[in-house]
1. Quick one: if you stick a label point 7 Å off each Cα along the C-beta vector at ALA103 and ILE438, how many nm between them?
2. Which FRET efficiency, nearest 0.05, do ALA426 and ALA456 yield, Cβ-Cβ r, R0 25 Å?
3. Report the Cα-based extents of the stretch 397-443 along its three principal axes, largest first, to the nearest Å.
4. Using the C-alpha gyration tensor of the stretch 95-142, what are the square roots of 5 times its eigenvalues, in whole angstrom, with the largest one first?
5. Rounding to the nearest 20 debye, state how big the charge dipole of the stretch 70-221 is about its Cα centre with +1 on each Lys and Arg Cβ and -1 on each Asp and Glu Cβ.
6. With the convex hull built on the Cα atoms of the stretch 294-383, state its orientation-averaged projected area in nm².
7. Along the charge dipole of the stretch 148-299, Cβ charges K/R +1 and D/E -1, which of PRO229, THR258, TYR172 sits furthest on the positive end?
8. Reported to two decimal places, what Rg/Rh ratio describes the stretch 241-302 when computed on Cα atoms with Rh from the Kirkwood expression?
Amino acid sequence: MTAAQFDFIAVGSGAAALVAALTASVAGLKTAIIEKTDKIGGTSAMSGAASWLPANHHGRAAGHDDTPEEALAYLRATAPEGWRETEDALWESFARNAGPMLAFVEGHTPLRFALTSEPDVYAEAPGAKTAGRMVAPMPLSRRLLGRYAKALRISTLPHILTYQEMIENDLYRKPVRTTLRFAPQLISRLIGSERAKGTALTVGLLRGCLDHGCQLMLETRAVALAQDPAQGGVTGVIVERGGRRETLGAARGVLLATGGFEWDRERLRQHFPGPIDRLGSSPGNAGDALRMAEQIGAALAHMDQALIYPCLPTRYGGELHGMPAPIHMEPNAIVVDRHGKRFVSEYAIDLGEALDRRGADGEPTHLPAWLISDRSFLRPALRWYARYDPDWLVRAPTVAALAERIAVPRGALTATVERFNGMCAAGRDEDFHRGETIFQKAKAKKRPMLSPIQKAPFVAMPFNRCILTTKGGLRTNAEAQVLRADGSVIAGLYCAGAAMANPIGTRAIGAGTTIGPNMTWGYICAQSILRTNRPPAG
Ligand SMILES: Cc1cc2nc3c(=O)[nH]c(=O)nc-3n(C[C@H](O)[C@H](O)[C@H](O)COP(=O)(O)OP(=O)(O)OC[C@H]3O[C@@H](n4cnc5c(N)ncnc54)[C@H](O)[C@@H]3O)c2cc1C
């Protein structure tokens, strides 16, 4: 039985779904947003909401010339080998729509973005920019959501500071000084219930959706897709809510934006063999879109791609969880592989890709990996976070003893630390050129990037993959339409965000290469639906 008829249904309430719902509802489509948990916003609400959006109006206003063509040149220059053949049309679509999406969102919601100070990660590559492509939301009051404010998904990250305030300051190393410095803003934000990052993103987007008539249904889980028996196109979603199953009709289209599949442990193990330290995302993200769409013949791609970033241990919903933090960017820290050898510049933001490098057998080449440092590593934050997971931090009086404790070859680790200390004295990382790219220099914030590891106790922390979101999923075309393995379109079915086969993949080419593109794919999906001529809901 069809319980309700909509023009458009967005499955999920993260950034991709909300931007799509906003775009559709502004155009007058009768739109529903369905969310399986009792919380709004998914991983997007937890995120830093740092968004890589080339050729946007904030960059232009600040005098940074940029064009979709330059963004496309950059995407081509930085892509993994062989990706251009399948992804070029999607890159072109993203590059063309990123700027218009941001202008549209600011034009129809209370959300406002500001530029952050981060250059492109490969700022030396063709088409790259040293400023103007990274934006993040300004604070917004949670009260804008009225009765929904309490249902906002909370984060493991502090959202009271903006993304730019966080990267300009040193909350982890200097918590007291940073708090005092921002005391007036913190007090005013506490009083006004204002938050930045993913909270502001979700508040602003959802406010815009509700203002344009979208219907939000929480604790409503999509379990299958309804199809037209004759044509095979998708006509709606079968959902479970309140212990009942019902069909919600969608005359113009259904968007699957259910986030990554990282909480489906079996699928995760299949595509990410080897050690995984933690997951950092919203626990509702279990690959439901993939299961639903596979059942009707959709193709999957890029299943081994993910946003991988160092994490500190924390608790979320009573369980051990990962909180992303740049703990690798400490002057007196190195990352070593299972042989006790360095394999990457620790100041590389895209070191997730190096951590996840696979051998011919598909197994990770470097893992288990370790972060090695000494007594002065990340104080005082280290002790605070170590209490969440007593096994996380390993200490020893000498480097050799540390090697024994973590089962890494003793001679190799000692030699690695000695060589690193020697390079610190010489002032240059001859092996991995740490701190020598434009991006890494910007990240160092004028702090030294090389400082010897020499004061006991020596410390080691597991440094395997912390997955913030998987990036493999449903294969789409440049219009966000879901495809079958033979390349044909499944009519009425769209995918955006972490649930789609991400055309950029694991490699971080900007400091926030998932949220910005995810929002853009939500926008592309709705624009694509608006161009189709399926009849509206009766
Ligand atoms: C702490 C943290 C910080 C991050 N910071 C950044 C950053 O600064 N910049 C950046 O680019 N990226 C960042 N990321 C990654 C980024 O947040 C995610 O890639 C992005 O939010 C995914 O958006 P989405 O809309 O695809 O999915 P999500 O925001 O995860 O939303 C998916 C939603 O779908 C719901 N859902 C799942 N299945 C169903 C179903 N069957 N029926 C109904 N609903 C369903 C889920 O419950 C969830 O609410 C961060 C990640 C984390 C964990």
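The values are calculated or read from the model by the stated rules, or taken from the named source; none is laboratory data. The shown structure was predicted, so the numbers you read here are calculated from the model rather than taken from an experiment. All Cβ positions, glycine included, derive from the backbone under ideal geometry; neighbour counts span all protein chains shown. Side chains are part of the model used for accessible areas, which takes the heavy atoms of the whole protein and leaves out ligands, DNA and RNA. Shrake-Rupley method; radii C 1.70, N 1.55, O 1.52, S 1.80 Å.
1. Roughly 2.5 nm, to one decimal.
2. About 0.60, to the nearest 0.05.
3. 37, 20, 17
4. Result for the stretch 95-142: semi-axes of 25, 14, 6 Å.
5. 1020 debye
6. Mean projected area of the Cα convex hull: 8.9 nm².
7. Sorting the options by dipole projection puts first TYR172.
8. Rg/Rh: 1.04.
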